[in-house]
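Just below is one structure, and these are the notes that go with it.
What follows is calculated from the coordinates using simple rules that are stated; it is not laboratory data. Given the structure is predicted, the values throughout are model-derived calculations rather than measurements. Cβ sites come from the backbone with ideal geometry, for glycine too, and all protein chains shown count toward neighbours.
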Amino acid sequence: MLLRTEKLSKRFGGVDAVKAVDLEIESGAVFSIIGPNGAGKTTLLNLLTGIYRPSAGRIVLEGRELNGAAPYHFAAAGIGRTFQTPQIFLNMSALENVMAGRYLHEPCGLWTALLRLPGLARAERACRDEAARLLAFVGLEEWAGTPAEGMPYGALKRLELARALASQPKLLLLDEPAAGLNPIETLEIDRLIQRLSARGVTVVLVEHNMKLVMGVSQRVLVLDYGRKIAVGDPETISRDARVIEAYLGAAA
Amino acid sequence: MSAQLTQYLLSGLTVGAIYALVALGFSMIYNASHVINFAQGEFVMIGGMATVWFIGMGLPLPLAALAAIGAATLVGLLLEKLAVEPARNAPVVTLIIITIGASILLRGIASVIWEKKIHALPAFSGEQPIVLGSATLTPQSLWVIGVAAAVVAALWWFFNRTLAGKAMLATSHNRLAAELAGIGVRRVLLVSFGLSAALGALAGILIAPITFTSWDVGVMLGLKGFAAAILGGLGSGPGAVAGGLALGMIESLGAGYVSSAYKDVIAFLIMLAVLMFRPSGLLGRRTAERV
Amino acid sequence: MLTWLASARTGGLLALAAALAALPLALVNNYYYEVAILVGLNAIVCVGLNLLIGYAGQISLGHAGFFGIGAYGSAILAARYGWPPLAALAAAAGAAALLAFAVGRPILRLKGHYLAMATLGFGIIVSIVIATEDRMTGGPDGMSVPPLALFGYAVSGERTWYWLVSALLVAAVWLALNLIESPRGRALRALHGSEVAAEAIGIDSARHKLGAFVMSAVYAAAAGALTAHYAGFITPSKVSFQHSIELVTMVVFGGMASTFGAVIGAAILTTLPQLLTAFREYEMLVFGAVMMLTMIFMPRGFVPTLRKALASKN
């Protein structure tokens, strides 16, 4: 059991964006969270990365309680993520973006930095090499030196993925990775997710693209109005009456 | 209530009314453009100094005051058109420097035209103190409080009861929606600057008989007007008024009972405290950011 | 070896050192030296402030406050308590660091205009306290400051100070460049790029912002102390809101996120008022106009705009 939540809830003013959600994510799985617009998927993701503090409930990663911790604690605990709208460091090049992602594995003391103590140059070289390798993994090696602000949208999504992978997360949360991509690009994302899963990274996917979800996930959780209405394997979920109702409305 | 306390409260109310007017100007501009107009204090300066100037040219006080307000309004409109509009999408730091540059420019112009002397404006209706129970009040203080109250009432009516005013409020809440609804957002911006300048100038004219006026009188008044706007909640009209009055009175009481040497620090300590513990101020909106 | 020399960093440092070494040829009298020393001291502050504004993406309208703490702290310890100037300087810089740490933690939670106002408030409070505690500080008239002494030798004379300040400037730039090009520097730039994404990769943004704030405060305080000992005198005008604005303008004008830009910005905007002394009356007017025009037409700053213009010519 990698990640578990118990009665996780988030309230904004009078609205329950997420209500008493229990989920269990097995290590190595590809786990998807789906639901109609406004169901609370991104809120749930923000809760799982510490951006929102839960109003109630617990988040447990490998036995460690994470509720109320600052976002960087979640990252340090092994949770990585990409955002619905890529949050790329536009003030840096593609390579630097991914190098930044290596932060957790590049401890650097203040005086080491200020005085350029020996070992730093070697560490920087290693960081650069690893970043280049990750760029190649997502197919962006020719963009390495390009300023990120000059890159096309599809490339930025892959860049963000490379950056998230740089922190070697145990659990990778992808927020609508296929949003805004054409079918060819979506297929590439599909393949990337499968390759990641094959390497043992646990992937949590929030997605609208049903074809992608059903094709790549082992388990699917359905949210509606902030509540969990169903969880199971893709086959069962796609036939669940409550799920169909949530998406299409009740039969007249 | 002791005579001394009443005295402090009254003088605090007077200067507080001025702070309220300046703070209203800030809030109006911030609402319309999300720019903090560091040149707000200079509108106050222009009000007082230009009135003195026009009187020197032979105009009677009411006309001179009107002309000064007109001049300040013109400066406000020019500021928006020539400095703020072209830099609309610049980062916060850049915008801050532009308005600060404007304030330095205006002070520079003032120091050239009017030199660095201190000028006095005659009190509007004489200097005979009015006795109110155990305290005394100068007629000028009554003018300040009275006119400020009238202006605030007029603004309340404008923003809540007229279409133009409501349009301006709508723009401050959601610029895009306002634009889509057909509201001339650029005109709203211009009017905000013009109106703020007029308010500032009025404040300058009202206070000049009490505290005198000079080329750099706007610096401290502007900064304290900020502090008042922040105390009340940046962007809130009622907040600006409440913040201004509160700041004026706290300052007066602090100067009287704690330390008059550190009077000026009070405003900034309050501002810092508000920003550290409750940035939205007394009456400001608390916004939640969506990620 | 050649690639090392040609790297922007080493090349830039060497160019700076060379320019500083060659400059005395153009400094024909003591007044010119004075201006050059002033440029150097301002540049040191700006390099530090640029770390905060340009790289970490924060803002401070109150850095003259730290400058003042350095200047007055060192002056008071040396003049009133007889401390050796070097120790006084170190203590003053340390005090500035502590104050920056204490004040920075709560106010760096703020963003944009709110952060600007908070730093402004801080700077003004410092300046008022300094001007009011006149028994300690000499009040609005200022106080005299003993000269700097290094290993028993009093540092005096324009030329000695010029070499001292130049060396310190090169050191200050070197330290800043080292930080920027390290993983810590990348973390700073990351949190400027997107704070939420930076946190998502494990960067404690609050801690890094505070670090940049404290470091910039130390730079400002050190420069302040040096200024006080150099001039032999210090007045509250150096702690004013006006001075804070001048410093920010130099950084933004030179080009944010460019250490050398900060130096150039300091150089241009320090010498500009000197050139305008003929027009003493119009000095403020021109300065204000320059600030506005450059920000409206060169919002990225002088150096980046120049770089872009040269690049597009090729």
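Roughly how many Å is it from the Cα centre of the stretch A:209-246 to that of the stretch A:5-25, as a whole number?
18 Å
As an exercise, use a Förster radius of 25 Å and the Cβ-Cβ distance of residue C:167 and residue A:90 to find the FRET efficiency, rounded to the nearest 0.05.
0.10
What translational diffusion coefficient, in µm²/s and rounded to a whole number, does the Stokes-Einstein relation yield for the stretch C:55-158 at 10 °C and a viscosity of 1.306 mPa s, taking the hydrodynamic radius as the Kirkwood radius over Cα pairs? Can you show the working numbers first?
Details: Rh = 14.9 Å.
The estimated diffusion coefficient comes to 106 µm²/s.
How big is chain C on each of its three principal axes, counting only the C-alpha atoms and giving the largest first in Å?
Dimensions of chain C along the principal axes of its Cα atoms: 52, 47, 45 Å.
Per-residue Cβ counts within 10 Å, from other chains only, averaged over C:292-301: what number is that?
6
If the viscosity is 1.306 mPa s and the temperature 10 °C, what Stokes-Einstein diffusion coefficient in µm²/s follows for the protein assembly as shown when Rh is the Kirkwood radius over Cα pairs?
53 µm²/s
Once both labels are modelled 7 Å past Cα along the beta-carbon direction, what's the residue C:81-residue C:312 spacing in nm?
5.6 nm
Rounded to the nearest 0.05, what FRET efficiency is calculated for residue A:210 and residue C:149 with R0 set to 51 Å and r the Cβ-Cβ distance?
So the FRET efficiency works out to roughly 0.10.
Springs between alpha-carbon pairs under 10 angstrom, Gaussian network model over chain C: which of C:93, C:220, C:149 fluctuates most?
In this elastic network of chain C, the residue with the biggest mean-square fluctuation among C:93, C:220, C:149 is C:149.
What is the spread of the Cα atoms of the stretch B:3-277 along each of their three principal axes, largest first, in whole Å?
Taking the Cα atoms of the stretch B:3-277, the three principal extents are 57, 47, 36 Å.
Determine the calculated [θ] at 222 nm for chain A from helices alone, applying -39500 (n - 2.57) to every DSSP H run no shorter than 4 residues and normalising by the residue count; nearest 500 deg cm²/dmol.
-11500 deg cm²/dmol
For peptide A:104-113, how many partner chain Cβ atoms fall within 10 Å of a residue's Cβ, on average? Intermediate values should be presented prior to the final figure.
Working: counts 3, 2, 5, 1, 7, 2, 5, 0, 4, 9.
Averaged over the peptide's residues, the number is 4.
Can you give me the angle between helix B:92-114 and the longest principal axis of chain B, using Cα atoms only, in degrees from 0 to 90, rounded to the nearest 10?
Helix B:92-114 sits roughly 40 degrees off the main axis of chain B.
Between residue B:278 and residue B:85, what is the FRET efficiency for a Förster distance of 25 Å, r being their Cβ-Cβ separation, to the nearest 0.05?
With a Förster radius of 25 Å, E is 0.15.
Sort the following peptides by mean Cβ neighbour count (other Cβ atoms within 10 Å, averaged over residues), highest first: A:177-190, B:151-164.
Listed from highest to lowest mean packing, they are A:177-190, B:151-164.
Just counting partner chain Cβ atoms within 10 Å, what average do the residues of peptide A:116-125 show around their Cβ?
2
From the convex hull of the Cα coordinates of the stretch C:81-230, what is the mean projected area in square nanometres?
Mean projected area for the stretch C:81-230: 10.8 nm², to one decimal.
Using a Gaussian network model on chain A with a 10 Å cutoff between Cα atoms, which of A:161, A:171, A:66 fluctuates the most?
The residue that fluctuates most here is A:66.
Within 10 Å, count the other beta carbons around each residue, average over each peptide in B:139-150, C:61-72, B:91-102, and list them highest first. Intermediate values should be presented prior to the final figure.
Working: B:139-150: 18.2, C:61-72: 31.2, B:91-102: 23.2.
Those peptides, ordered most packed to least, come out C:61-72, B:91-102, B:139-150.
Determine ³J(HN,Hα), in whole Hz, for all residues of the stretch C:209-218 in sequence, where each value follows from phi through the Karplus function 6.51 cos²θ - 1.76 cosθ + 1.60 and θ = phi - 60°; x replaces Gly and Pro.
Per-residue couplings from phi come out as 4, 4, x, 5, 4, 5, 4, 5, 5, 5 Hz.
In degrees between 0 and 90, to the nearest 10, how far off the longest principal axis of chain B does helix B:40-56 point, with axes built from Cα atoms?
Helix B:40-56 sits roughly 50 degrees off the main axis of chain B.
Which is the longest stretch in chain B that no exposed loop site breaks, taking sites as GluC sites (Glu not before Pro) with a DSSP loop state and at most 13 other Cβ atoms within 10 Å?
For GluC sites (Glu not before Pro) (loop position, at most 13 other Cβ atoms within 10 Å), the longest site-free span of chain B is B:128-288.
Relative to the longest principal axis of chain B, what angle (0 to 90°, nearest 10) does the C-alpha long axis of helix B:263-277 take?
30 degrees
Starting at 0 and stepping by 5 Å, how many percent of the alpha carbon pairs of the stretch A:27-181 end up in each bin?
P(r) for the stretch A:27-181, in whole percents per bin: 2, 9, 16, 18, 19, 15, 12, 6, 2, 1, 0.
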